[in-house]
Ligand SMILES: NC(=O)c1ccc[n+]([C@@H]2O[C@H](COP(=O)([O-])OP(=O)(O)OC[C@H]3O[C@@H](n4cnc5c(N)ncnc54)[C@H](OP(=O)(O)O)[C@@H]3O)[C@@H](O)[C@H]2O)c1
C-alpha cells in the first residue's frame, strides 16, 4: 500500500501536475524534493524538502525517509544545460542517484519515471540518457512504471522553439488525423504530442496500482485516454 510519496522534479511541467493530483489525495503524505524553495502547489499533505541533488549522501538520506513511491520528473535540455556533461548530470545521473538511494533504503518501494518515446531504441544523447535511466531502474529490482511520452504540451513559461513549433504546427493535424482515421493505431498515438496533465494522470494512476515486483511501460494509447486527448479541459 502506498502512503508516503516522494516527488523529484515537482516544479517542472509534468511534476507540478503530479503535485496537483497528489494534493487532492489527503490519504497520501507527499515530500517534494526541490533545489530551491517555492513549490507551485500547496496543500496540507504536501511539504517541500530542499535537497542538494549533487550530493549522493544527501540524496540517500532523503530517500531513507518514509517513501513507498518515488515519482521522477527531472529533466533539462542540452541548450539549457550548456554541455553534454551538464545535460547528462540532470537527465541521467540525478535520476539514477535517487533510484539507487531508494533501492538501498526501501527495496519494496515503487518508482514512477517520466522517460521518453524512443528510449527503447535510443539514438543520440537525449534518448541514450533516457535508456540508461530505464536500464538502471530495471536493474534496481524496484517495482516501477515508466511513462514514455512524445512531445509534451503544456503552458510552459520558458520559450522552447521546438515545443512551440510542435504545439502550433504539428499537434493539431496529428491529433485530428488520429481522432478521425487512426483512433486504434497504437503506433500513431505513440508519437502523438501529449498534454503533461495526461502524462501525470496516467503515471500516478499506474504507479499507485502497481503490484509488488511489477514493471509497466506507458506509451501511445496509455497516455491518450479515449484515445482522444482532452486538451483545454480542466
Ligand atoms: N519536453 C518534451 O517534449 C518531452 C518529451 C518527452 C519526455 N520528456 C521528459 O519528461 C520529463 C519531464 O519534462 P518537463 O517538461 O516536465 O520538465 P521541466 O518542466 O523542464 O522540469 C524539469 C524539472 O527538473 C528539475 N531540474 C532541472 N535541473 C535540475 C538540477 N540540476 N537539479 C535538480 N533539479 C533539476 C527542475 O527544477 P527547477 O524548477 O529547480 O529548475 C524541474 O523540476 C523530462 O525528463 C523530459 O526529458 C520531455
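Values for this structure:
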quantity: Separation in nanometres of the label points that stand 7 Å from Cα toward Cβ, at residue 205 and residue 121; calculated: 2.8 nm
quantity: The chain: most fluctuating residue of 92, 110, 21 per GNM, C-alpha cutoff 10 Å; calculated: 21
quantity: In degrees, nearest ten, helix 13-23 long axis to first principal axis of the chain (Cα); calculated: 60 degrees
quantity: Label-to-label distance, nm, for residues given as residue 25 and residue 54 (7 Å Cα→Cβ offset); calculated: 3.3 nm
quantity: C-alpha long axis of helix 124-140 to longest principal axis of the chain, angle in °; calculated: 50 degrees
quantity: Cα-based Rg / Dmax (Å) for the stretch 4-223; calculated: 16.8, 52
quantity: Estimated [θ] at 222 nm from DSSP helical runs (n ≥ 4, -39500 (n - 2.57)) normalised by residues in the chain, nearest 500; calculated: -11000 deg cm²/dmol
quantity: Max mean-square fluctuation residue, GNM over the chain, Cα-Cα springs under 10 Å, options 17, 78, 31; calculated: 78
quantity: The chain: most fluctuating residue of 194, 30, 166 per GNM, C-alpha cutoff 10 Å; calculated: 166
quantity: Cα long-axis angle, helix 94-105 against the chain (0 to 90 degrees, to the nearest 10); calculated: 50 degrees
quantity: Relative contact order %, the chain, counting alpha carbon pairs below 8 Å whose residues are six or more apart; calculated: 19 percent
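Bear in mind that the values in this text are calculations on the coordinates, not laboratory data. Treat the numbers as computed from the prediction; the structure is a model and nothing was measured. Methodologically, a virtual Cβ is constructed for each residue, glycine included, from the backbone with ideal geometry; neighbour enumeration extends over all protein chains shown.
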